[in-house]
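Nothing in this text is a laboratory measurement; each read-out follows from the coordinates by a stated rule. Just so you know, these numbers come straight off a predicted model, no measurement behind them. Glycine also receives a Cβ, built like all others from the backbone with ideal geometry; neighbour counts cover every protein chain displayed.
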Amino acid sequence: MQAALAGETSPDVRNRELLTEFVRINDAPCVACGYNLRNLTGDVCPECGNRFALRVGVPNLRFGPLVACLAPLLMVSGLLVFLIAMTIDFGVPSNAMWYWAFLVQGLVDAVGAVLLYRRRWAYLSMPVDVQWRVAGVVIGVNAVAFVTAIVMS
Ligand SMILES: [Zn+2]
């Protein structure tokens, strides 16, 4: 292994050298406070005291579709929590189809939110237009199901 040979720099030392070289020639704002780190020789922000490190980033990564997809799932999941709390206090309402519709929708959306969050990198690796289409379907299905449950009540 060449990296283990005497005289070789460790990855940590090399990454710090690359970081120092990067901030020497680039305007790089501190992610925590916005201070311009240009020309710094260490790895600590002099303004806020946070350490910074060299990382790989994706400049065109967009979280909008993921948030748009997660938002209705989390909103209806929150409704499920409210519904469960009301059921504990007042019991299951009699002859109320809307109750079961909200319950099923809430359960499906809670599972969907967890699955989407766990598989978020697969979602984010899809083309953005496909992500938006999936988000549109999730929003549309939830809106229709929600309105249908309201109409049934
Ligand atoms: Zn800072």
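Where in the chain are the DSSP H helices whose C-alpha atoms run 18 Å or more along the long axis and whose mean Kyte hydropathy is at least 1.6? Membrane-span-like by this criterion, though nothing is claimed about a membrane: 64-90, 128-152. The mean of 1/r over all pairs of different alpha-carbon atoms in the chain, once inverted, gives a Kirkwood hydrodynamic radius of 20.0 Å. Helical runs assigned H by DSSP (4 residues or longer) give the chain a calculated mean residue ellipticity at 222 nm of -21000 deg cm²/dmol, each run adding -39500 (n - 2.57) before division by the residue total.
Exposure proxy ranking for I150, I139, based on other Cβ atoms within 10 angstrom of each Cβ and starting from the fewest, stands as I150, I139. Cysteines in the chain lacking any other cysteine Cβ under 4.7 Å from their own Cβ: C69.
Packing order of peptides 55-61, 33-39, highest average first: 33-39, 55-61 (average count of other Cβ atoms within 10 Å over each peptide's residues).
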